[in-house]
1. Tell me, what HN-Hα J-couplings in whole Hz come from the Karplus equation 6.51 cos²θ - 1.76 cosθ + 1.60 at θ = phi - 60° for each residue of the stretch 42-51, using x for Gly and Pro?
2. Ranked highest first by the average count of other Cβ atoms within 10 Å around their residues, in what order do 24-33, 39-48 fall?
3. Using the Karplus curve 6.51 cos²θ - 1.76 cosθ + 1.60 with θ = phi - 60°, work out ³J(HN,Hα) for each residue of the stretch 123-134 in order, rounded to whole Hz, and write x for Gly and Pro.
4. Cut-off is 10 Å between beta-carbons; in what order do VAL136, VAL62 appear when sorted fewest neighbours first?
5. Which whole-Hz ³J(HN,Hα) couplings does the stretch 19-24 yield from phi under the Karplus relation 6.51 cos²θ - 1.76 cosθ + 1.60, θ = phi - 60°, glycine and proline marked x?
6. Taking square-rooted eigenvalues a ≥ b ≥ c of the alpha carbon gyration tensor, is the stretch 1-84 rounded, prolate or oblate, where a/c under 1.5 means rounded and, failing that, a/b exceeding b/c means prolate?
Amino acid sequence: MGHFVHPQGICESHSVGNGTKVWAFAHVLPGAIIGQDCNICDHVFIENDVVLGDRVTVKSGVQLWDGLRVGSDVFIGPNATFTNDFFPKSRQLPSRFARTTLEEGCSIGANATILPGISIGRNAMVGAGSVVTRSVPPNAIVHGNPARIRGDSRLGKATRVKAPAKGDNLPTDASSVRRRLAQGHKAP
């Protein structure tokens with residue numbers, strides 16, 4: 001069956017799974033590994049040391065830099081930004097790029113920024129425009145700048161979450177949020 005590359009797309013990798021589609025103006029470098037049935041949309045750039053699992057969707061305007069590992073069934077929204085160097089300098093590469101991991105089933109909203117060395121847990125959701133400065137636990141819903149835990153993806157539906165009023169001092173660390181949700185409280 002093989003994979004599909006649009007006539008205006010460039011796919012230099014020989015490690016692309018069956019059923020994967022690489023659309024116009026996307027560029028996949030030779031060292032990248034891409035699983036089966038992925039959808040690499042227009043204007044996506046994938047560097048050499050990147051691994052994508054199966055059924056991953058990468059929307060337009062995304063660059064996937066060296067050190068990124070993406071599990072299966074992950075959604076990466078348009079213009080999401082990944083970084084891989086804590087102290088970038090022109091023409092001064094680190095000896096090793098930071099490893100960023102997107103675990104199986106997570107979703108990254110449009111225009112979210114993911115800092116280097118972060119892990120986004122299984123089935124977690126990152127809201128559009130969020131700036132993720134620390135790792136996100138499995139099933140967490142995070143948004144904001146900096147991104148904070150605002151809910152749990154296992155609740156089965158997305159809800160509008162009201163920010164706590166000033167002085168509420170509700171904890172937003174993962175264990176406290178899980179405990180409050182188990183007690184029937186709304187997410188902070």
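None of the figures in this text is laboratory data; all of them are computed from the coordinates on show. This structure is a prediction, so every number in the text was calculated from the model and none was measured. Reconstructed Cβ throughout: ideal geometry from the backbone, glycine too, with neighbour counts over all protein chains shown.
1. 3, 6, 9, 10, 10, 6, 5, 8, 10, 10
2. My ranking of the peptides, most packed first, is 39-48, 24-33.
3. 6, 6, 10, 10, x, 4, x, 6, 10, 8, 9, 8
4. Ordered from fewest to most neighbouring Cβ atoms within 10 Å, VAL136, VAL62 come out as VAL62, VAL136.
5. x, 6, 10, 10, 8, 4
6. Judged from the Cα gyration tensor, the stretch 1-84 comes out rounded (a/c under 1.5).
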